[in-house]
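**Student:** This structure is in structure tokens; I'll ask about it shortly.
The values are calculated or read from the model by the stated rules, or taken from the named source; none is laboratory data. Only a predicted model underlies this, so the values are computations on that prediction, with no experimental measurement involved. In this analysis, Cβ positions are derived from the backbone assuming ideal geometry, glycine residues included, and neighbour counts consider all displayed protein chains. The accessibility values were calculated without ligands, DNA or RNA, using every heavy atom of the protein model including side chains. Shrake-Rupley method; radii C 1.70, N 1.55, O 1.52, S 1.80 Å.
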Amino acid sequence: QDELATIWARNLTGRGQVVAVADTGVDMESCYFRDPNVDERANKDLRQHTNPVYLYYGHRKLVQYIVFASGDEGSEHGHGTHVVGTILGDNVDGDPSFRGMAHDAKLAFTDIGTLDAQGKPVLFVPVSLDRVLELAFEAGARIHSNSWGATKHNVYTAHAVDMDEFMYANQEMLILVAAG
């Protein structure tokens, strides 16, 4: 915690930043994302979308939630919630012991989680990432994090081309991909 306290003491907290993530859903009722100034029902309704794009003005953590795959929020599977919590979670109950690295940042999220025929959680990554990246950029994100794993290693895939082309055209955007 000492190292983090030093980083945060230097105002490297994510304040003023929007981070985009595409993953399984985010549990917006979690203490790391819930907004006490938003009606409790509205927090629950964030996960029950039928329209593809939602913008949230004034929410303490969320600026955009896009339902891309099934519309299921996926919190019971936890991966999207875990990834976003690690990046920018901030405990609304005031306990600073558990914070994401950029806890003052806000989130532009694309829900690409769904369930396969056996009910197992899977990611439905779009063939082209252009629209996912464009919507995140339009929401103010300049960092996009993807923790999808890979079926092919050491291969320059179409997704890698999409990301490279987007960053070339929008040089203030940094797209990160977890190894694995």
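**Student:** Report yes if PHE98 is under 16 Å from the mean Cα position of the chain (by Cα) and among the aromatic types (Phe, Trp, Tyr), otherwise no.
**Tutor:** no
**Student:** Another one. In segment 155-180, which residues are of a type outside the set (Gly, Ala, Ser) and closer than 24 Å to HIS79 by Cα?
**Tutor:** THR157, HIS159, ASP162, MET163, MET173, LEU174, ILE175, LEU176, VAL177
**Student:** Which of (1) modelled with pLDDT of 85 or more; (2) within 14 Å of the chain's Cα centre (by Cα); (3) assigned to a loop (DSSP other than H, G, I, E, B); (4) not charged (D, E, K, R) is the odd one out, the single condition VAL92 does not satisfy?
**Tutor:** Only one criterion in (1) modelled with pLDDT of 85 or more; (2) within 14 Å of the chain's Cα centre (by Cα); (3) assigned to a loop (DSSP other than H, G, I, E, B); (4) not charged (D, E, K, R) is unmet by VAL92, namely (2).
**Student:** VAL161: farther than 24 Å from ARG34 by Cα, in contact with an Asp or Glu (Cβ under 7 Å, 6 or more places away or on another chain) and not hydroxyl-bearing (Ser, Thr, Tyr), yes or no?
**Tutor:** no
**Student:** Further question on the same structure: Quick check: is even one residue across segment 130-137 touching a residue at least 24 places away in the same chain (Cβ under 8 Å) and assigned to a strand (DSSP E or B)?
**Tutor:** No, segment 130-137 has no match at all.
**Student:** What's the number of the only condition in (1) closer than 30 Å to PRO36 by Cα; (2) of a type outside the set (Asp, Glu); (3) within 15 Å of the chain's Cα centre (by Cα) that VAL125 fails to meet?
**Tutor:** Failing condition for VAL125: (1).
**Student:** Ok, one more. When you go through (1) within 29 Å of TYR32 (Cα to Cα); (2) open to solvent by 70 Å² or more (accessible area, probe 1.4 Å); (3) more than 16 Å from the chain's Cα centre (by Cα); (4) not small (Gly, Ala, Ser) one by one for TYR168, which number turns out not to apply?
**Tutor:** The failed condition is (1).
**Student:** Something else now. Spot the failing condition for ALA117; the list is (1) in contact (Cβ under 8 Å) with a residue 12 or more places away in the chain; (2) assigned to a loop (DSSP other than H, G, I, E, B); (3) not acidic (Asp, Glu), and only one is missed.
**Tutor:** Answer for ALA117: the failing condition is (1).
**Student:** Of these, ASP111, ASP116, which one is open to solvent by 40 Å² or more (accessible area, probe 1.4 Å) and of a type in the set (Asp, Glu)?
**Tutor:** Testing whether each residue is open to solvent by 40 Å² or more (accessible area, probe 1.4 Å) and of a type in the set (Asp, Glu) leaves just ASP116.
**Student:** Restricting the search to segment 129-165, which residues are among the β-branched types (Val, Ile, Thr) and open to solvent by less than 20 Å² (accessible area, probe 1.4 Å)?
**Tutor:** Answer for segment 129-165, where residues must be among the β-branched types (Val, Ile, Thr) and open to solvent by less than 20 Å² (accessible area, probe 1.4 Å): just VAL132.
**Student:** For VAL177, state whether it is more than 13 Å from VAL18 (Cα to Cα) and in contact (Cβ under 8 Å) with a residue 60 or more places away in the chain.
**Tutor:** No, not satisfied.
**Student:** Which of the residues belonging to segment 3-21 are among the basic types (Lys, Arg) and at pLDDT 95 or above?
**Tutor:** Correct list: ARG15 only.
**Student:** Identify, from the list SER97, SER75, SER145, the residue that is modelled with pLDDT of 85 or more and polar (S, T, N, Q).
**Tutor:** Matching residue, one of SER97, SER75, SER145: SER145.
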